[in-house]
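Structure first, commentary second.
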Amino acid sequence: MIQTKILENGVRVIVKRMEGLLSVSMGVLVGTGAAYETDREDGISHFIEHMLFKGTEKRTAFEISDAFDSLGAQVNAFTGKDLTCYYSKATSDHAAEAFALLADLFLHSVFPEEEMAREKGVVVEEINMDEDSPEDLCLDLLSRAAFGGANYGRNILGTAENVNGFTREDLQAYRKERYCPENVVVSFAGNIDPAQAIAMTEEYFGGMARTAFREREKKVVWQGGTLFRKKPIEQAHFAVAFPSVKREDASRPAVQVMNAIFGGGMSSRLFKRVREELGLAYSVYSYSTHYLETGLLTVYAGVNPAKAQDAAEAVRAVIEAMKQDGVSEAEFLRGREQLKASSIYSQENTSAQMLLYGKEMLYNNAVYDFEKRMAEISALTRADVCAAIESGFDFSRAAVASVGNLEEEIKI
């Protein structure tokens with residue numbers, strides 16, 4: 001059972017009731033993130049996400065966390081390239097109290113100066129941790145190699161210099177511009193009465209002042225190229241990205257099946273060849289990402305530095321073989337079933353459903369259609385996947401990033 005409503009101020013609400021469960025996930029999604037920031041704002045979406053937990057008009061930071069813990073409820077948030085989400089999961093009998101807390105931190109945070117000073121140190125340490133995590137660093141470099149220093153090429157955490165320079169006024173101005181009712185979706189999934197969920201949203205979010213929200217334009221240009229960071233670490237890490245289809249492209253399901261066959265699991269060609277047969281990597285995988293304007297197919301591997309170039313050449317060989325031979329009927333059927341199964345599994349997870357239905361409402365102002373999704377996957381043919389392979393691997397446009405104790409960058 002799914003119900004939706006648009007409040008008078010423009011806030012959208014979507015509720016998926018999942019009877020037979022004992023819990024509910026609730027989230028507040030905002031259409032903003034690193035891709036919408038300017039150079040001066042780089043990292044501000046993520047910093048605001050941290051600061052919303054640091055005190056409201058009614059509660060201190062400790063009182064917020066203590067109140068959630070007292071209910072046995074979970075609370076967290078994340079910032080992405082084009083989305084920020086604040087969410088909680090609670091037992092159904094405590095859903096009302098948990099949502100009241102979630103609404104309080106979202107709507108009434110006051111950015112206390114002393115908390116802001118402390119949290120700058122926390123976020124700078126998070127940036128340092130990212131710098132010390134070679135897989136994360138490699139993928140951050142890959143985004144920059146693919147898109148340059150703007151929009152989807154930005155590091156979500158921003159720079160330490162920017163974070164240390166943010167003022168309370170900076171945060172308030174950004175929140176006023178981006179955290180507008182028309183850019184907010186409240187999503188529920190689990191065992192909750194839709195009428196109750198909508199009434200709670202109206203009670204807390206109905207008072208948000210309606211604004212003349214204006215979306216920021218993102219000028220997205222695929223750049224490609226290579227970035228390398230020398231690091232005195234034991235492993236070498238490399239990643240390569242190819243331009244792929246945007247979020248609403250009709251061929252996206254075919255790309256996702258292709259990815260499952262290529263590098264999406266332990267039966268994939270990439271895993272079987274590079275790890276199992278050649279023993280060149282412990283971790284090797286691929287995944288697809290799809291945005292409003294564009295997408296990318298990413299391949300990642302963590303390898304022995306002495307064998308790094310061999311591993312990169314093995315990855316390329318797997319790709320070339322797929323381009324030349326396509327996929328077998330057995331591979332196609334297996335990949336299609338994997339994609340079906342992942343969609344079905346997500347239907348049984350309240351957190352996944354909250355996010356899935358919330359994102360569809362935020363991005364497309366529509367209700368996610370599970371039956372349509374399954375029909376699209378079922379209608380795929382092997383020819384569709386072969387066509388995705390043919391258009392999906394253009395080495396002349398590839399972006400490559402590598403990190404490790406190497407004398408030179410890894411070449412694909």
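The values are calculated or read from the model by the stated rules, or taken from the named source; none is laboratory data. In this text, all values refer to a predicted model and were calculated from it rather than measured experimentally. Neighbour counts are summed over all protein chains in view; Cβ atoms, including those assigned to glycine, are modelled from backbone coordinates with ideal geometry. Quick note on the areas: whole protein, heavy atoms, side chains included, nothing else; ligands and nucleic acids left out. Shrake-Rupley method; radii C 1.70, N 1.55, O 1.52, S 1.80 Å.
Oblate is the label for region 210-296, because the ratio a/c of its alpha-carbon gyration tensor axes (a ≥ b ≥ c) is 1.5 or higher and a/b is not greater than b/c. Report summary: the helix-based calculation at 222 nm, which adds -39500 (n - 2.57) for every DSSP H run with n ≥ 4 and divides by the residues of the chain, gives -13500 deg cm²/dmol.
For region 313-338 versus region 261-275, the inter-centroid distance based on Cα atoms is 9 Å.
Principal-axis analysis of the Cα atoms of the chain puts helix 134-147 at an angle of about 90° to the longest axis.
Shape class of region 149-299 from the Cα gyration tensor (axes a ≥ b ≥ c, square roots of the eigenvalues): prolate, since a/c reaches 1.5 or more and a/b is larger than b/c. With q set to 0.06, 0.09 Å⁻¹, the log10 of I(q)/I(0) for the chain, from the Debye formula over equal scatterers at the Cα positions, is -0.27, -0.61. What percentages, rounded to whole numbers, describe P(r) for region 216-360 computed over all alpha carbon pairs with 5 Å bin width beginning at zero? Taking every Cα pair in region 216-360, the percentages come to 2, 9, 15, 18, 19, 15, 12, 8, 2, 0.
Remark: region 76-234 is approximated by an ellipsoid whose semi-axes, taken from the C-alpha gyration tensor as √(5λ), come to 34, 19, 18 Å, largest first.
Projecting label points 7 angstrom from Cα along Cα→Cβ for residue 324 and residue 76 puts them 4.4 nm apart. Accessible surface for the chain, divided over its residues, is 44 Å² per residue with a 1.4 Å probe. With Cα atoms as the point set, the radius of gyration and Dmax of region 142-203 evaluate to 18.0, 47 Å. In region 281-406, one over the average inverse separation of all distinct C-alpha pairs is 17.4 Å, which is the Kirkwood hydrodynamic radius. Rounded to the nearest 10 degrees, the angle from helix 252-263 to the longest Cα principal axis of the chain is 60 degrees.
Coordinate range of the alpha-carbon atoms in region 179-241 per principal axis, descending: 55, 34, 20 Å. Measuring against 30 Å, Cα to Cα, the residue pairs 219/359; 120/230; 120/231; 359/411; 120/411 contain 359/411; 120/411 as the ones spanning a longer distance. The Cα atoms of region 1-81 give a gyration tensor whose axes a ≥ b ≥ c have a/c of 1.5 or more with a/b no greater than b/c, which makes the shape oblate. Once the Cα atoms of helix 113-131 and of the chain are each reduced to a long axis, what angle between those two axes, in degrees from 0 to 90 to the nearest 10, is obtained? Once rounded, the angle reads 10 degrees.
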